1. Quick check on I140: is it crowded, with 18+ Cβ neighbours inside 10 Å, more than 20 Å from G285 (Cα to Cα) and β-branched (V, I, T)?
2. Can you tell me which residue is surrounded by the fewest Cβ atoms within 10 Å (Cβ to Cβ) among those in region 299-309 that are over 13 Å from the mean Cα position of the chain (by Cα) and outside any loop (DSSP other than H, G, I, E, B)?
3. Looking only at region 265-292, count how many residues are more than 21 Å from L339 (Cβ to Cβ) and either of a type in the set (G, A, S) or within 16 Å of the chain's Cα centre (by Cα) (or both).
4. Could you identify the single residue in S242, S248, S254 that is in contact with a helix residue (DSSP H, G or I) (Cβ under 6 Å, 6 or more places away or on another chain), more than 27 Å from D48 (Cα to Cα) and at pLDDT 95 or above?
5. Hey, any hits in region 243-257 for a residue that's touching a residue at least 40 places away in the same chain (Cβ under 8 Å), part of a helix (DSSP H, G or I) and of a type in the set (D, E)?
6. Only one residue in D145, D106 is in contact with a Lys or Arg (Cβ under 9 Å, 6 or more places away or on another chain), farther than 21 Å from D232 by Cβ and surrounded by 15 or more Cβ atoms within 10 Å (Cβ to Cβ). Which one?
7. Does S237 satisfy the criteria of being of a type in the set (S, T, Y), touching a Leu at 6+ places or on another chain (Cβ under 8 Å) and within 21 Å of G137 (Cβ to Cβ)?
8. Would you call E322 of a type in the set (D, E, K, R), under 24 Å from G63 (Cβ atoms), assigned to a helix (DSSP H, G or I) and free of Cβ contacts under 8 Å to residues at least 60 places away in the same chain?
Amino acid sequence: MNQLYRTIGRKLLFGLDAERAHGLSIAGLKSGVPLCPPPVAEARLRVDIAGLSFPNPLGMAAGYDKNAEVPDALLKLGFGFAEVGTVTPKPQAGNPKPRIFRLVEDEAIVNRLGFNNEGHAAALTKLRDRKGGGIVGVNIGANKDSADRVGDYVLGVERFRDFASYLTVNISSPNTPGLRDLQARASLEELLGAVAAARGDRATPIFLKIAPDLGDADLEDIAETVAANGIDGIIVSNTTLSRDGLTSRLAQESGGVSGRPLFARSTIMLARMRRLVGPHLPLIGVGGIDTAEAALEKIRAGADLVQVYTGMVYAGPTLPGEILRGISRFAAAQGLASLRDIRDSRTDHWAGQAV
């Protein structure tokens with residue numbers, strides 16, 4: 001089926017505007033038509049972190065299902081977890097269109113969406129009405145015109161803490177002016193202190209999603225601030241502003257780059273963060289994963305879990321199953337009892353690479 005998608009389905013979808021094609025893919029998942037058989041669950045692929053038991057390490061990253069329309073359909077594709085959002089307190093249209101660009105030659109995407117979503121109330125209704133189980137995280141953000149961005153994140157925690165398996169504090173999108181400034185130490189201390197207090201005595205894990213365009217001093221500040229505020233894990237990383245190595249004529253469109261060119265940069269950041277936080281804090285690796293080997297390399301670099309998104313654009317809905325079957329074959333061939341057996345085995349290699 002993957003070959004069918006690559007030869008026919010992708011050609012048809014790529015003939016459409018990227019945002020319209022995205023909408024059609026959501027509609028396809030909402031239809032309930034089975035797109036592919038999910039892989040068989042295996043005990044050796046299970047990952048237990050932050051008080052949650054993930055059936056496998058592969059998740060759908062935030063940005064695809066912004067309004068919590070299809071988390072259960074995504075889980076049926078084989079994902080061990082799905083992250084919806086980014087959701088902001090008030091609905092917002094995002095940036096002017098066109099705002100998504102396929103860099104086909106680079107197997108990448110540039111987007112400058114700007115947290116377009118239907119707001120907290122709409123997503124909360126859908127999550128309350130879910131019938132299925134499974135791990136579904138909610139990625140929360142701040143409105144572009146907000147006078148109190150910290151307050152927006154606090155609202156997100158308060159509203160979704162009882163309906164999300166975990167919450168992700170997203171301060172790393174490059175498409176909301178000034179948002180990445182919240183990664184600076186003083187701002188981050190205020191923000192993480194506030195969201196930790198808003199969680200109260202709930203057990204809902206809170207993760208922090210960071211950018212791949214940070215220096216070593218920034219990573220050190222983030223690691224220390226996360227530890228000081230009891231944050232449960234870090235997602236590395238969001239899209240990059242770097243254009244290094246891109247060949248597409250659309251590469252200079254403004255926005256964040258995702259997909260295959262992000263793999264090295266995001267993996268270096270992941271490994272450096274693993275060295276800073278030590279072996280116990282959960283890390284989720286994101287950026288450029290489109291094969292089983294890429295997913296395994298993120299784990300070797302220090303990830304407990306991994307997420308994909310842009311890879312699905314180029315490989316289609318069978319990608320989760322293909323990645324998981326590849327990981328399973330590797331684990332069986334190596335006699336692994338758990339993927340933890342290879343985690344951090346190449347952390348030093350990646351952390352020492354130049355960005």
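The values are calculated or read from the model by the stated rules, or taken from the named source; none is laboratory data. Please read these numbers as outputs of a predicted model, since none were measured by experiment. Because the Cβ atoms are built from the backbone with ideal geometry, glycine has one as well, and the counts that use them run over all protein chains shown.
1. On the way: crowded, with 18+ Cβ neighbours inside 10 Å: yes; more than 20 Å from G285 (Cα to Cα): no; β-branched (V, I, T): yes.
Here the answer is no, as I140 does not meet what is asked.
2. Selected residue: R300.
3. 1
4. Working: S242 fails: in contact with a helix residue (DSSP H, G or I) (Cβ under 6 Å, 6 or more places away or on another chain); S254 fails: in contact with a helix residue (DSSP H, G or I) (Cβ under 6 Å, 6 or more places away or on another chain).
Within the list S242, S248, S254, the selection yields S248.
5. no
6. Within the list D145, D106, the selection yields D106.
7. Spelling it out, S237 is indeed of a type in the set (S, T, Y), touching a Leu at 6+ places or on another chain (Cβ under 8 Å) and within 21 Å of G137 (Cβ to Cβ).
8. Values: of a type in the set (D, E, K, R): yes; under 24 Å from G63 (Cβ atoms): yes; assigned to a helix (DSSP H, G or I): yes; free of Cβ contacts under 8 Å to residues at least 60 places away in the same chain: no.
So E322 fails the test.
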